[in-house]
Amino acid sequence: PIGAHARAPAWHRGPSRPWPVMSDDLRRAKIAEAAWRIEDAMDKPLDSFNYPRVVGARDAYFEAARADNRYSRALVCMLLLSIFETPAWCGQQESSLFAPAGERCTLSAAGEDILVSGVPYVPLGVGLVIEAVLLVFLTQKFLIELRVQSAFFDRMVPKQQYYKRSNIYIGFACVVFELADMAYFAAVRPRFRLAFIARTGFLVLLPSVVNLSRLVVSCLSEFFSVAAFFVGAIFLFAWIAVMILRDLQVGATGFHTFSAGLNNVFVAGVSEEFVTIFLESYTTHRWIGWLWLLFLITAHVLLLSLVLDTLTAAYMTYSEHVEERTAKCRVRGLLKAFRELADATSPAEEGEEPVVHRAGFLEFIHEYSASPRGMPVSDELASLMFTIIDKDGSGVVDYVEFCSICKILQYRFWCTRAHSMVKDWFPGFWNSDFGRRFRQFVKADDPVEEPEPGSPSSVVSDDGGERASSFDRLMNVILIVNFGLVVVETAYDLNDIPEPPLLEYLELIFSFIYLGEVCIKLSVISWASYWSVPSNKFDFFSTFLLLTTSIIELLFAGNLSTYANMLRLLRLLRVVKNLKNIKSVQFLVKTIAKLLLTAREMVTLLGVVVFFFSMLSVQVFGGELYEGNRKLEGTEYHEQKWHVLNFNDTPMAFGVWVVFLLMEYAPIFPDAVAKASETPWAWIIFPVFYLAGVSITFELVKAFTIEVFITLFKERADKSARAKHNESLASLTEFKQALAAEGKTLHYNTTGKESQHAAVEEALEHVQHNAEKQAEMSPFQRSISIVQRMLETNDHEAEMSPSHH
């Protein structure tokens, strides 16, 4: 093994010594390290990190990456199991583990109906078997990561931590805990399980949740500073209200004791129930309205608004700090990757700039494509990519050109045959004047394409809007006419008027027109190119689904009329899809898409919180909230018939917590649980969820969306931003045009987060700027700059070393 900072004697750069031949093992190790650095620089940049140049380290990392992919799929299956597994409260003590749930989950002991979601339940025994299999895949990930960390990174000098041992040990603890819960449940059969704690632990170990947990922790100090004032105001106004109203005989309901008054003031301060709570006292004693007005201004208007403002400010401060640090790490990672690749493939003489030759570049792309985290790129595409990036035709790529390659590697792209088989079967028609005019009519003549929201490629115009072909515009007119037909059919259905036979035949005619649209497009472009666009997939499925439905409805005299009316709505979706040509609609779609992408990690964290409380509430409150439960008599929950909002299984509990999020706080649920549940103090779960889920996590989601929308709104009229985006796609455009000359079509779409791509673009532009600036320096200035960078790097690595700490 070669240490992280060790250098072989053959690599001494003496002024009069030629570069000796590098060993094949070291050369492959340095190329693998360069590919590894590029992967991490694009995904999770690591500061001052070194990689093991040991035979087998890269392969072991591949195995860990594949195990991580299996871990993600196993987690999805575990979530599905949590939805479909039989609740533990259903009284299975009297039956076999493998017996179906039957009526045990829908009927109480007294025979009253219990409302559940209606999903098919997996028998308990089958669920335990599936759970054990999934735990095998989850455990495999932690075992492989621990082995890779111990065998390669711990042996480096100094030690490097690529996989955090703390996360690995937490994963092992979750596995052991869930296995113990499975064994206890199979042996004793209690009415509750604790497996949801381990399952939540697996979700917490997701990288997005781990990263955002640091954000939440950084915001807690600011949040609690405001929350302390809010809690103090609640106690103060509760004490004042109880002191004033406790001795009054009329209009003091709910304020005779401090605990009851505190609960009412808290509910009034965090929800919209303040009218109901304050109404009686205000009706009887008008003067107390001044107290309630002061309380509402203090709690609702000031302090609750300050919570959102505080979280927004804390998020922006933290994100700016993280983005700045991440950008620096990306720059260092990309520069180190280029140097490693240049040293391994094209060693430079003293004073020469490092470059990478074609053969070394192809070997690097092959290594990069081999990773489960990388994107597969064929040798043909890699060679074409090198030719396009090597603008000066020198046969080598330098810093600036290497940055352009890194921009392309951010996208997932694939190549398909451009033209239909009609070109091979009927060459005379294809090459005729009519054939060329027909292709121009069906397909837009602009070769420059850019991904539409959610699709790999689409033709765009100069102003950024999509430019449709003449055939597409004709189909849009037909869609509008068909939309009018759908409106007429709907009017007949809503008024219970029999439809004229002509409408049924017109519907069948439109279905065949859409079938002709698919055939005409496939006569110009290949099936692979057609299928690479998601909107074409939607058109294909909706066309054949509607055609089949129309034919069956015509043959069987309307037996499928109900389902046919539902399927007609697909045509409305096709009309809506064509609204994307309108600029305002484009901005709205782009805004929604970026909001979803930007807040995806935050929504994941919110989902983890809701999942935990959903599973917890099923175990604690399952089977207790139903209409026939006499304990609920007199509660607002029972009087307003809210029995469908219960915790009898996971989907039903999830719905309750979503309602709780949107209502911010619903006192109807803790009041009902306090009377119906046999678990003491069980109602405390709802205030805890209000604190963790509503006040912190959900408010952070709002902060994300507000910031992203303001940023996008400012960028809407910024022409320089659009020009910058088009410049970032210049290399892909050249790539596409070069493939088009060979009769192929390049499709591409972005992978990962939008913010991540923006950060990578910014880092690459920084690298390009420094490289261009260095190229303009004199040899003496360039030497001084190199020495300064070496000193800065050594100082930074010394600060990060264990001995420094």
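Quick notes
- Cross-link pairs 159/336; 141/328; 521/594; 594/736; 30/744 - those with Cα-Cα distance over 23 Å: 141/328; 521/594; 594/736; 30/744
- Rounded percent of accessible protein surface that carbon and sulfur make up, region 217-336, 1.4 Å probe: 69
- All other residues whose Cβ lies under 12 angstrom from that of residue 639 are scored, Lys and Arg at +1 and Asp and Glu at -1, for a net of -3.
- Distant-in-sequence amide H partners of residue 744 (H built 1.01 Å from N, under 5 Å): 418
- When the convex hull of its Cα atoms is viewed from all sides, region 109-202 shows a mean projected area of 8.1 nm².
- Other residues with beta-carbon under 10 Å from the beta-carbon of residue 387 carry, at +1 per Lys or Arg and -1 per Asp or Glu, a net charge of 0.
- Å² of accessible area per residue within region 51-157, as computed with a 1.4 Å probe and no ligands counted: 46
- Principal axis extents of the Cα atoms in region 626-718, from largest to smallest and rounded to whole angstrom, are 64, 24, 22.
- Applied to region 227-239, the Karplus parametrisation 6.51 cos²θ - 1.76 cosθ + 1.60 on θ = phi - 60° returns per-residue 3J(HN,Hα) values of 4, 4, 5, 5, 5, x, 5, 4, 5, 5, 5, 5, 5 Hz, with x for Gly and Pro.
- Using the average count of surrounding beta-carbon atoms within 10 Å as a protection proxy, the listed peptides 31-42, 243-254 rank, highest first, as 31-42, 243-254.
- Note, ³J(HN,Hα) from phi for region 495-503, Karplus 6.51, -1.76, 1.60, rounded to Hz, x at Gly and Pro: 9, 6, 9, x, 6, x, x, 4, 5
- The mean accessible area for residues of region 302-374, using a 1.4 Å probe and ignoring ligands and nucleic acids, is 46 Å² per residue.
- Distance between the C-alpha centres of region 105-166 and region 296-332: 33 Å, rounded to the whole angstrom.
- Net charge of neighbours whose Cβ lies under 13 Å from the Cβ of residue 56, counting Lys and Arg as +1 and Asp and Glu as -1: +2
The values are calculated or read from the model by the stated rules, or taken from the named source; none is laboratory data. None of the values given here were measured: they were computed from a predicted structure. As a convention, Cβ positions derive from the backbone with ideal geometry for all residues, glycine included, and neighbour counts pool all protein chains shown. Quick note on the areas: whole protein, heavy atoms, side chains included, nothing else; ligands and nucleic acids left out. Shrake-Rupley method; radii C 1.70, N 1.55, O 1.52, S 1.80 Å.
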